[in-house]
Protein chains: 2
Amino acid sequence: MDKRTVTAGLMRSINRTIILDLIRTSSPISRSQIACRLGISMPTVMRIVDLLTQEDLVKPLDCVEATGGRPRHMMAFNGGAYAAIGVDLGGSKMVGAIADLDGKLLHETYVPWKDGGSEDALAELCQLIENLMAAPRPADQKIKGIGVGAPGVTFSREGIVSWAPSLGWCNLPLKAILSERFDVPVMVDNDVNLSALGEYGFGSGRGCESLVCIAVGTGIGAGIILGGSPYRGYRHSAGEIGYLLPGVKYLGRRYDGFGALESLASGTGIADRARQLLEQGGCLPPTGVLDAQQVFAAARRDECWARQVVDETIDYLSLAVATVSALLDPEIIVLGGGVARSADLLVEPILARLDGVVPSPPRLVASSLGRRAAVMGAIMLVMYGTTEHVVVNQLI
Amino acid sequence: MDKRTVTAGLMRSINRTIILDLIRTSSPISRSQIACRLGISMPTVMRIVDLLTQEDLVKPLDCVEATGGRPRHMMAFNGGAYAAIGVDLGGSKMVGAIADLDGKLLHETYVPWKDGGSEDALAELCQLIENLMAAPRPADQKIKGIGVGAPGVTFSREGIVSWAPSLGWCNLPLKAILSERFDVPVMVDNDVNLSALGEYGFGSGRGCESLVCIAVGTGIGAGIILGGSPYRGYRHSAGEIGYLLPGVKYLGRRYDGFGALESLASGTGIADRARQLLEQGGCLPPTGVLDAQQVFAAARRDECWARQVVDETIDYLSLAVATVSALLDPEIIVLGGGVARSADLLVEPILARLDGVVPSPPRLVASSLGRRAAVMGAIMLVMYGTTEHVVVNQLI
DNA sequence: AATACTTTCTAACTGTCTGTATGTATCCCC
DNA sequence: GGGGATACATACAGACAGTTAGAAAGTATT
């Protein structure tokens, strides 16, 4: 595909993007500060900030700052003027929220999944969106759009969910369907990419240049943000670290739908390993069914079998973190997904195991958004996607 | 760091970059075709192509193409007008070349490394460059610059080799030294990044959007090209796949200077494993010393011990390829480095092992530039680095 | 308190670049 | 040789960022 040529209009879009991002991350800030910080002339800043103010994306504050000369009039990002709807279609649940562009939650819903076919999932999604739209919020607040994260392969540019087995969706043109029905812009992406975007915009990775979010839940996946932009790969399957191989002996098999690493270290894998260990030892699992949460709880109580399962989990996750660090060297690695609720048991031991193992040890932190990460990422996706968000890059 | 704002001048640079790249990859091409292909107006194409012609980067051809109307005057990239010098400082050798911007080699030298200290390496490098500059070439051909690939950690923007143990260099401002001495632009980068850039520009990965070059030599490293640009990571240590861990049991150790994977599957590692196996079996290595080349040669003769070593090597490399594919999903993976001379023994078996293992199987091919990859990458680096090479990217 | 100084903000103008519109050149086909 | 088609050329208009100079609104100084 050919690169994009530039006209005066796109030049304005690029500068607008940069100024808006600066205001968003540095409010309150005055126009002269923007000019100085970006090395851009005052009139240009004036013109663009005026436009942003007209669009309600930026608002002047009352506060001024003394400088020895004429005082600065401070401006701020006006995230409250718009709301966005974000939905995270998980493997076993659906989390939806409506929030303003500052990331302030206005309303949130959580719907556990009834196991149904494709039609049902779509109908429930529409119902959820309708409920969120009806939630009470400031009278003059407009809706910017809807962002949806789907568990599977997505073509985010086209807005198509190409393959989401847990929903029974195949080549579903979700963007077309939803934007037709709700008459607002709709953005679609992979749920793990959205988690990464959420952490990048509102969570542990705020202000970072590059970030990888390792989401450990039903499966394991990684969302990759490089230079502020989600990296999706040539065949839309970057970040599929559930398919990493924790050893040569995992080579000779087929992994259809579930990868080698995730069959060991995902929530499901943790529970499986615990069950096996207990059965081996002659004990029955505590309550018949057993999930990762219970394993971690038992490990906190220092039960021997659970400690062993958790230790092995730490080993496997260390492998994943080492891989990401050695290959991509991101500024920060965020541990997310359901298992991240037990991140306090994981982060330090993983870092300890990586000492001396990888060339430059990563910053590894727990998700600060928890199960809301993908939803917040969807808000971010809408914010970026509804205005031309474009930057220049120096090759080399 | 703040993103870059745009003025009319940078707008011109961007469009210039895109037009030049199109001419380079699609010569011969007419100006009207460029306008049509890029969706840009004719006058703009005219103006920029005129400038490029004045700079001698583009030349009009005599040939015309009938169209039913006024025939197209074809233009072509004029790579022959400039030469660039590329040097690949390997762990055990120094390869240098002078080539024109089409990638046509004019002269090449190969200097095996005498083991000396920092001063020696630099002096020999300077000598090599001087020899290359003195090589006979077309009279009117100007020299665009010098590109150097160093085996270690480099800060390519600053032109500093921060840590190259095999040369004894630490924080050496190579760019400053060489550009002072030779009075031409100098670019510095990691040798593996340059191999990737070479394959991307002139080798197996020509025209690809993203590429990972896995270089298996004394060590193992990967060069990563995403969106036409080398990706180097936040701490300049992306692509260090020599440090991948082929199993949980490799966790509890320290790897100083040599990673887990490369101690098994690099040229050195292959020789080590072969030696161990032979000693175990009571045989002595054929000639006392033993290197990877000999192991592959023996495997071709179907000697049992060598087949086993090669099979294990294939397993380890499959792990590396699977990792790259699962995490980055590049358009193409190129197998390079010294071991790639035996790529015919490796590529097919690796692909076979990956069938059903990774979500979307990669295109895996052998390097087509061989030991010249990094040198050609250096040429590429000079070509990109000496003119403002800049593009726009849509975030999201 | 009046003045000088400093910094922010505003307005008019200039320069650069791309696009549009129109004109010209050069072929093929009849 | 004329009509049609396509490529190339030129003149002008529009959009945008930068420059310059000046007004506004404070603080420091005398």
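The values are calculated or read from the model by the stated rules, or taken from the named source; none is laboratory data. Since the model is a prediction, treat every value here as computed from it, not as a measurement. With ideal geometry, Cβ positions are generated from the backbone for all residues, glycine too; neighbour counts draw on all protein chains shown. With ligands, DNA and RNA removed, areas are computed over all heavy atoms of the protein, side chains included. Shrake-Rupley method; radii C 1.70, N 1.55, O 1.52, S 1.80 Å.
Quick look at the numbers
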read-out: Of all residues making up the range A:59-68, the number that are among the hydrophobic types (A, V, I, L, M, F, W, C) and either within 33 Å of the chain's Cα centre (by Cα) or open to solvent by 80 Å² or more (accessible area, probe 1.4 Å) (or both); value: 2
read-out: Residue among B:Ser360, B:Ser325, B:Ser367, B:Ser318 that alone is farther than 20 Å from A:Arg254 by Cα and either buried (at least 21 other Cβ atoms within 10 Å of the Cβ) or at the interface with chain A (Cβ under 10 Å from one of its Cβ atoms) (or both); value: B:Ser367
read-out: For A:Asn78: the one exception among (1) more than 16 Å from DNA strand C (Cβ to nearest atom); (2) among the polar types (S, T, N, Q); (3) farther than 29 Å from A:Leu128 by Cα; value: (3)
read-out: Single match in B:Ile29, B:Ile18 (criterion: within 12 Å of chain A (Cβ to nearest Cβ) and either under 29 Å from the mean Cα position of the chain (by Cα) or of a type outside the set (Ser, Thr, Tyr) (or both)); value: B:Ile18
read-out: Residue selected from the range B:237-268 under the condition open to solvent by 40 Å² or more (accessible area, probe 1.4 Å), out of contact with any Pro (no Cβ under 8 Å at 6 or more places or on another chain) and farther than 18 Å from B:Ser92 by Cα, by the criterion nearest to the other protein chains (Cβ to nearest Cβ); value: B:Arg254
read-out: Test for B:Ala271: is it touching a residue at least 40 places away in the same chain (Cβ under 8 Å) and more than 9 Å from every other protein chain (Cβ to nearest Cβ); value: no
read-out: Output for the range B:377-396, where each listed residue is over 30 Å from A:Met380 (Cβ atoms), open to solvent by 10 Å² or more (accessible area, probe 1.4 Å) and in contact with a helix residue (DSSP H, G or I) (Cβ under 7 Å, 6 or more places away or on another chain); value: B:Glu388
read-out: Condition check for A:Gly91: assigned by TED's automatic domain parsing to the domain that holds A:Gly147, in contact with an Asp or Glu (Cβ under 8 Å, 6 or more places away or on another chain), farther than 21 Å from A:Val390 by Cβ and more than 13 Å from DNA strand D (Cβ to nearest atom); value: no
read-out: Scope the range B:42-75; condition closer than 23 Å to B:Gln141 by Cα and within 10 Å of DNA strand C (Cβ to nearest atom); matching residues; value: B:Ile48, B:Leu51
read-out: Residue count, the range B:13-23 (criterion: closer than 16 Å to A:Arg12 by Cβ and without any contact (Cβ under 8 Å) to a residue 60 or more places away in the chain); value: 1
read-out: Counted residues, the range B:32-58 - those being surrounded by 18 or more Cβ atoms within 10 Å (Cβ to Cβ) and at the interface with chain A (Cβ under 7 Å from one of its Cβ atoms); value: 2
read-out: Residue within the range B:337-354 that is under 19 Å from A:Arg235 (Cβ atoms), free of Cβ contacts under 8 Å to residues at least 60 places away in the same chain, open to solvent by less than 30 Å² (accessible area, probe 1.4 Å) and at the interface with another protein chain (Cβ under 8 Å from one of its Cβ atoms) present; value: no
read-out: Of the criteria (1) over 30 Å from B:Ala123 (Cα atoms); (2) in contact with a helix residue (DSSP H, G or I) (Cβ under 9 Å, 6 or more places away or on another chain), which one B:Gly91 fails; value: (1)
read-out: Count - residues of the range B:25-39 that are more than 13 Å from DNA strand D (Cβ to nearest atom) and either at pLDDT 95 or above or within 30 Å of A:Ala35 (Cβ to Cβ) (or both); value: 2
read-out: Qualifying residue in the range A:91-107 (condition: within 14 Å of another protein chain (Cβ to nearest Cβ), touching a residue at least 24 places away in the same chain (Cβ under 8 Å), away from DNA strand C (no atom under 16 Å from the Cβ) and under 22 Å from the mean Cα position of the chain (by Cα)); value: no
read-out: For A:Asp189: the one exception among (1) surrounded by fewer than 18 Cβ atoms within 10 Å (Cβ to Cβ); (2) charged (D, E, K, R); (3) at pLDDT 95 or above; value: (1)
read-out: Count - residues of the range A:130-145 that are touching a Ser or Thr at 6+ places or on another chain (Cβ under 8 Å) and not basic (Lys, Arg); value: 3
read-out: Where A:Glu331 falls short, out of the listed (1) surrounded by 24 or more Cβ atoms within 10 Å (Cβ to Cβ); (2) touching a Cys at 6+ places or on another chain (Cβ under 7 Å); value: (1)
